[in-house]
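Notes to accompany the following structure.
The values are calculated or read from the model by the stated rules, or taken from the named source; none is laboratory data. Keep in mind it's a predicted model, so treat the numbers as computed, not measured. Here the Cβ is made from the backbone with ideal geometry for all residues, glycine too, and neighbour counts use every protein chain on show. Note: areas computed on protein heavy atoms with side chains; ligands, DNA, RNA excluded. Shrake-Rupley method; radii C 1.70, N 1.55, O 1.52, S 1.80 Å.
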Amino acid sequence: MPELPEVETVRRGLEPAMQGARFIEVEVRRRDLRWPLPKDFARRLKGNTVTGLGRRAKYLLADLSSGDVLIMHLGMSGSFHVFHDATGNALGRYHRERAQHAAHDHVVFRMSSGAIVTFNDPRRFGSMKIVPRGKLDAEPLLEGLGPEPLGNAFDAAMLARACTGKRTSLKAALLDQRIVAGLGNIYVCEALHRARLSPKRPAATIATRSGAPNERAARLVEAIKAVLNDAIAAGGSSLRDHKRTDGELGMFQHRFRVYDREGENCPTPGCPGIVRRIVQNGRATFYCPSCQK
Ligand SMILES: [Zn+2]
């Protein structure tokens, strides 16, 4: 399942192809995605310009000149592929690759930038939805999401407040999308290791009794931002399905410190620990029992 860095990598790949560009043609090859595409999907996009391409948690949000917003979600295995026209042979390349992937290219956008954008999703857990900008606040997909971890609203004071009195584990708290949006199993494990905090520690222990942040909260927020920024810079992590919009793989999986590294030496300098795998709330957790306290 792609997490925030993978979705942000996709957003950055789509931006030059879509932002400021008009939908010239919208081809819907399959409507039965995770939730079905509406009947008027193509009609509501065609002729409109993408005035901004943003991201909220794991959702891509394209603002349209019509006042609608196109919400796109990658699901488990969804990927966007951009074929650029700069070389003049985008169509040739598109048709060649299309022959290989046709079965899973469910949506195709032809943009006025000259780019062709395909949405490919073998498992069809991804989908798209169009909502009026004014109704975005009430959109069930986005409602109740916590702050963006790379935004200014996410700081030690906010995280401590959200964890105050919580008996759940620190790992479970960070996976809770109402506390902070967009984090998943991989980056929570990695952030906790960087912060040298045990995933089993009760969430409440990053706050004082009155809810003020302690030094652990500050360390954790810093680690979360750092690991996300590093992962975005590396193009995300390609474990199963994530690919950049140019078809290249992300590279951050080669830089995991603990995730999927059971039995390996802890990479913290001077730490003699061995990375251990445990199961918390049905999900694998990787951590170092020696330096993560
Ligand atoms: Zn260690």
Fill in: Most mobile listed residue (A204, A102, A234) in the chain, GNM with C-alpha springs under 10 Å
A102
Response to the item:
Relative contact order in percent for the chain (Cα pairs under 8 Å, 6+ apart) equals 18 percent
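At 1.4 Å probe size, with the rest of the protein present, what percent of the exposed accessible area of segment 253-293 is carbon and sulfur atoms? Can you show the working numbers first?
Values: 1030 of 2420 Å².
So the carbon and sulfur contribution to the accessible surface is 43 percent.
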Discussion item. Probe radius 1.4 Å, ligands and nucleic acids ignored: give me the carbon and sulfur share of the accessible area of segment 1-87 as a rounded percent.
Written reply: 46 percent
Worksheet, complete the sentence: Between V107 and residues 5 or more places away or on another chain, the pairs with built amide H atoms under 5 Å apart involve R29, F119
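Which FRET efficiency value, to the nearest 0.05, do you get for N281 and R43 by plugging their Cβ-Cβ distance into 1/(1 + (r/R0)^6) with R0 = 41 Å? Don't skip to the answer; put the middle values down first.
On the way: r = 43 Å, r/R0 = 1.05.
For R0 = 41 Å, the calculated efficiency reads 0.45.
Mind giving me the FRET efficiency for W35 and N214? R0 is 45 Å, r the Cβ-Cβ distance, nearest 0.05 is fine. Let's see the in-between values first.
Values: r = 42 Å, r/R0 = 0.94.
The calculated FRET efficiency here is 0.60.
Report the FRET efficiency, 1/(1 + (r/R0)^6), for T168 and A226, where r is their Cβ-Cβ distance and R0 is 22 Å, rounded to 0.05. All intermediate terms of the calculation are to be shown ahead of the outcome.
Values: r = 24 Å, r/R0 = 1.09.
With a Förster radius of 22 Å, E is 0.40.
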Worksheet item: Relative contact order of segment 174-293: what whole-number percent is it, with Cα pairs under 8 angstrom and at least 6 residues apart?
Response: 26 percent
Discussion item. Checking the table K166/K200; K200/K225; K58/K293 against a 19 Å threshold on Cα-Cα, which pairs fail?
Written reply: K200/K225; K58/K293
Worksheet item: What are the residues whose amide H is under 5 Å from the amide H of G236, where those residues sit 5 or more places off or on another chain and H is modelled from the backbone?
Response: M251, F252
Worksheet item: What is the extension gain from N152 to R98, computed as 0.36 nm multiplied by their sequence separation minus the C-alpha to C-alpha distance, in nm to one decimal?
Response: 15.3 nm
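Arrange the peptides 241-248, 77-84 so that the one whose residues have, on average, the most other Cβ atoms within 10 Å appears first.
Numbers: 241-248: 17.8, 77-84: 22.9.
Highest mean packing first, the order is 77-84, 241-248.
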Practice prompt. With a 1.4 Å probe and every protein chain left in place, work out the accessible area per residue of the chain in Å², rounded to a whole number.
Written response: 45 Å²
Worksheet item: Roughly speaking, what % of Cα-Cα pairs in segment 225-282 are separated by over 20 Å, rounded to a whole number?
Response: 41 percent
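First select every other residue whose beta carbon is under 11 angstrom from the beta carbon of A226; then total the charges, Lys and Arg +1, Asp and Glu -1.
Values: positive: R194, R219, K225; negative: E190, E222, D230.
Overall, the nearby charge balance is 0.
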Discussion item. Please identify the DSSP H helices in the chain that span no less than 24 Å along the helix axis (Cα) and have a mean Kyte-Doolittle hydropathy of -1.0 or more.
Written reply: 215-233
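Tell me, what % of the accessible area of segment 145-218 is carbon and sulfur with a 1.4 angstrom probe? Mind showing how you got there, number by number?
Values: 1490 of 2920 Å².
Looking at segment 145-218 in its full context, I get 51 percent from C and S.
Only helical DSSP H runs with n ≥ 4 go in: add -39500 (n - 2.57) per run for the chain, normalise by residue count and round the 222 nm mean residue ellipticity to 500 deg cm²/dmol.
Values: 7 runs with 75 residues, N = 293.
Only helices count here, giving -7500 deg cm²/dmol.
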Discussion item. Give the list, by residue number, of cysteines in the chain with no other Cys Cβ closer than 4.7 Å, or say none.
Written reply: C163, C189
